[in-house]
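Trainee: Input: one structure, supplied below.
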Amino acid sequence: MFSHFSLHRLLVKAVRELKYRQPTPVQSEAIPLALEGFDLQVNSETGSGKTLAYLLPSLNQLLNRSKQGTGTRVLVLVPTRELAQQVFAVCQTLVKHTNLSVVLATGGDDFEQQAELLEQSPAVVIATTGRLLEHIKKATVDLEQLSVLVLDEADRMLDMGFSDDVHAITAVSNPDHQTLLFSATLNNKWLPALAKKLLRDPEVLSISGGRTEHADIHEQVMLADDDANKQKQLLWLLAHEYFAKAIVFCNSRERAERLADAVMPRRRKVGILHGEIEQKKRSSVMASLLEGKINVLITTDVSARGLDIEGVDLVINYDMPRRGDDYVHRIGRTGRGGKDGLAITLVKPGEWNLKASVERYLGHRFEPRIIEEVKGNYTGPEKLRASGQAVGSKNKKDKKKALGKKLKKAKKPKRNKKIAVKPAQSSADTKG
Ligand code: ADP
Ligand code: MG
């Protein structure tokens, strides 16, 4: 029960209204330690309830301080605008019985309006790093009273190259603050350096399993001849598969645009979202998806991290993701809050070996799915290695080498996790 934590009664009241039966494992472990004031480095899989795990203890500080402070005392940094909006919404439900104010500072929205709100020193700021730095430069935000800094999806922030931004932000913040660093994986290659620099004697929590309740994601793979074949398959799935909301992932903005151009004339209620789209449009697409005005979102990995969209029960990988952890995060958009989900990955000839390496990395195989009406001629490589890779693939030598390296890394599964996550490599077009 949440009432077992020594949380302020107004927070307990708000949580009770959410009707969660009990804290998730990451909440049970992280909340008491954070309440005691420890710096934390927490790794816990997507969908495990990290948002409350950091918001509740952070907000508690604001309510319980013997000397109630003024100024911005809690700062939550996240990698994307959409995630910031989502955390902002959760935060607002948690503070609704208090008089704490929460302000969202993300790129794309009107700067002056945000500046006006920030100048009133809200207790909590939820931000993306780029926009927050603009506010710092214009002195519209004051972090000298900061008492808790949260980095959510820290590994993703590092992947996106925000490390310098984070350091620039901490440089102007009250040095005497608690830092809570949350990520879905600890084996991001830049994470140790960030943790070393930001955390003081941290408690390190690595929580295995723990998706909220018994979420079950069925993972299927469909073979395709080429993009044209994939488009047919996708349209078939969107027309025949039973689903409430679907997210379709592409590997680049360009591919998402091209796919949207092909799908939108043939299917209603489809939206597109990626990092180059202007903010107003991004917000309205997200709102439409939440409200159900659209039920298919074509997007890039910008939407793969952290977003919790009610009712997403189908994820389609139009492109095979290039990294195991991208795959895990994409399919993690479904099967949330204990509900079942279906993930279907479309694989064309050049993507077979990538599929095989992701399967090895996950430690399980995808279920083959064949739809007679739209199946192609491709049935996979003629001969397979024990690894599941194609024998004698026509790849150039250096490509093979690179793949070998990838496999080596994939061979080391993390012991205590259902789904292990591969070390991150920077990949330009996952920035959405
Ligand atoms: P993460 O950040 O680890 O990916 P979220 O914080 O977004 O996970 O939570 C995932 C889902 O689980 C959300 O829909 C959230 O409302 C729900 N949730 C969070 N805590 C609980 C809980 N204690 N019991 C049931 N559902 C919960
Ligand atoms: Mg999250």
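Trainee: Between T98, T80, which is among the polar types (S, T, N, Q) and either within 27 Å of E278 (Cα to Cα) or within 16 Å of ligand 2 (Cβ to nearest atom) (or both)?
Mentor: Details: T98 fails: either within 27 Å of E278 (Cα to Cα) or within 16 Å of ligand 2 (Cβ to nearest atom) (or both).
Exactly one residue qualifies, and that residue is T80.
Trainee: Scan H274, H218 and give me the residue that is out of contact with any Ser or Thr (no Cβ under 9 Å at 6 or more places or on another chain), closer than 22 Å to T334 by Cα and modelled with pLDDT under 95.
Mentor: On the way: H274 fails: out of contact with any Ser or Thr (no Cβ under 9 Å at 6 or more places or on another chain).
Just a single option satisfies the conditions, and that option is H218.
Trainee: Within segment 131-161, can you find the residues that are of a type outside the set (V, I, T) and within 16 Å of ligand 2 (Cβ to nearest atom)? Break it down stepwise before answering.
Mentor: Step one: list which residues in segment 131-161 are of a type outside the set (V, I, T), which gives 131-135, 137-139, 142-147, 149, 151-161.
Listed by number, the residues that qualify are L151, D152, E153, A154, D155, R156, M157, L158, D159, M160.
Trainee: Count, please, the residues in segment 104-129 that happen to be touching a strand residue (DSSP E or B) at 6+ places or on another chain (Cβ under 6 Å) and more than 26 Å from G275 (Cβ to Cβ).
Mentor: Counting residues in segment 104-129 that are touching a strand residue (DSSP E or B) at 6+ places or on another chain (Cβ under 6 Å) and more than 26 Å from G275 (Cβ to Cβ) gives 1.
Trainee: Among the residues of segment 301-320, count how many are modelled with pLDDT of 95 or more and not aliphatic (A, V, I, L, M).
Mentor: 3
Trainee: In segment 12-29, which residues are modelled with pLDDT of 90 or more and either within 11 Å of ligand 1 (Cβ to nearest atom) or over 26 Å from R305 (Cβ atoms) (or both)?
Mentor: V12, K13, V15, R16, E17, L18, P23, T24, P25, V26, Q27, S28
Trainee: If you don't mind, another one. Taking G47 as the residue in question, decide whether it is in contact (Cβ under 8 Å) with a residue 40 or more places away in the chain and within 11 Å of ligand 2 (Cβ to nearest atom).
Mentor: Numbers: in contact (Cβ under 8 Å) with a residue 40 or more places away in the chain: yes; within 11 Å of ligand 2 (Cβ to nearest atom): yes.
When the stated conditions are applied, G47 passes them.
Trainee: Based on what the data block shows, is L273 farther than 25 Å from R131 by Cα, touching a strand residue (DSSP E or B) at 6+ places or on another chain (Cβ under 7 Å) and outside the structural domain of D110 (by TED's automatic domain parsing)?
Mentor: Criteria not met by L273.
Trainee: With respect to I309, determine if the residue is crowded, with 24+ Cβ neighbours inside 10 Å, aliphatic (A, V, I, L, M) and either farther than 18 Å from H218 by Cβ or over 15 Å from the mean Cα position of the chain (by Cα) (or both). So that I can check it myself, show each step before the final result.
Mentor: Numbers: crowded, with 24+ Cβ neighbours inside 10 Å: no; aliphatic (A, V, I, L, M): yes; either farther than 18 Å from H218 by Cβ or over 15 Å from the mean Cα position of the chain (by Cα) (or both): yes.
The answer is no for I309.
Trainee: Another one. Checking A195 against (1) out of contact with any Pro (no Cβ under 8 Å at 6 or more places or on another chain); (2) farther than 19 Å from A84 by Cβ; (3) away from ligand 2 (no atom under 15 Å from the Cβ): exactly one of these is not met. Which one?
Mentor: (1)
Trainee: I've got another one for you. Looking at R267, R282, which is the one that is away from ligand 2 (no atom under 16 Å from the Cβ), crowded, with 18+ Cβ neighbours inside 10 Å and among the basic types (K, R)? Reasoning before the result, please.
Mentor: On the way: R267 fails: crowded, with 18+ Cβ neighbours inside 10 Å.
Step by step, each of R267, R282 is checked, and only R282 is away from ligand 2 (no atom under 16 Å from the Cβ), crowded, with 18+ Cβ neighbours inside 10 Å and among the basic types (K, R).
Trainee: Restricted to segment 30-39, and to residues that are touching a residue at least 60 places away in the same chain (Cβ under 8 Å) and aliphatic (A, V, I, L, M), which residue is nearest to ligand 1 (Cβ to nearest atom)? Don't jump to the end; show me each part of the working.
Mentor: Taking segment 30-39 as the starting set, the residues that turn out to be touching a residue at least 60 places away in the same chain (Cβ under 8 Å) are 30, 33-34, 37-39.
Next, only the ones that are aliphatic (A, V, I, L, M) stay: 30, 33-34.
Details: A30: 11, L33: 17, A34: 15 Å.
Residue satisfying both the conditions and the ranking: A30.
Trainee: Test each condition in (1) at pLDDT below 95; (2) more than 16 Å from ligand 1 (Cβ to nearest atom); (3) surrounded by fewer than 21 Cβ atoms within 10 Å (Cβ to Cβ) for G324 and report the one that comes out false.
Mentor: That leaves (3) as the condition not met.
Trainee: Check segment 276-294 and report whether any residue there is in a loop (DSSP other than H, G, I, E, B), charged (D, E, K, R) and touching a residue at least 60 places away in the same chain (Cβ under 8 Å).
Mentor: For segment 276-294, residues in a loop (DSSP other than H, G, I, E, B), charged (D, E, K, R) and touching a residue at least 60 places away in the same chain (Cβ under 8 Å): present.
Conditions tested, residue by residue: (1) away from ligand 1 (no atom under 16 Å from the Cβ); (2) at pLDDT 95 or above; (3) acidic (D, E).
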position: L223; (1), (2), (3): yes, yes, no
position: A228; (1), (2), (3): yes, yes, no
position: E241; (1), (2), (3): yes, no, yes
position: D261; (1), (2), (3): yes, yes, yes
position: S284; (1), (2), (3): yes, no, no
position: E291; (1), (2), (3): yes, no, yes
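Trainee: Which one of the conditions (1) in contact with a helix residue (DSSP H, G or I) (Cβ under 8 Å, 6 or more places away or on another chain); (2) modelled with pLDDT under 95; (3) outside any helix (DSSP H, G or I) does I298 fail to meet, given that it meets all the rest?
Mentor: Condition not satisfied by I298: (2).
Trainee: When you scan segment 40-155 for strands (runs of 3 or more DSSP E) that lie fully inside it, which ones turn up with 2 or more residues that are within 16 Å of ligand 1 (Cβ to nearest atom) and crowded, with 23+ Cβ neighbours inside 10 Å? Working first, answer last.
Mentor: On the way: elements: 40-44, 74-77, 102-105, 124-127, 148-151.
Of the strands (runs of 3 or more DSSP E) lying wholly inside segment 40-155, those with at least 2 residues that are within 16 Å of ligand 1 (Cβ to nearest atom) and crowded, with 23+ Cβ neighbours inside 10 Å span 40-44, 74-77, 148-151.
Trainee: Then there is this: Under the condition of being part of a helix (DSSP H, G or I) and of a type in the set (G, A, S), which residue from segment 14-38 is farthest from ligand 2 (Cβ to nearest atom)?
Mentor: If we filter segment 14-38 for residues that are part of a helix (DSSP H, G or I), which is where we start, we get 14-18, 25-35.
After this cut, where a residue has to be of a type in the set (G, A, S) as well, the list is 14, 28, 30, 34.
Details: A14: 18, S28: 17, A30: 13, A34: 16 Å.
Per the stated criteria, the residue is A14.
The values are calculated or read from the model by the stated rules, or taken from the named source; none is laboratory data. Since we're looking at a predicted model, the values are computed, not measured. As a convention, Cβ positions derive from the backbone with ideal geometry for all residues, glycine included, and neighbour counts pool all protein chains shown.
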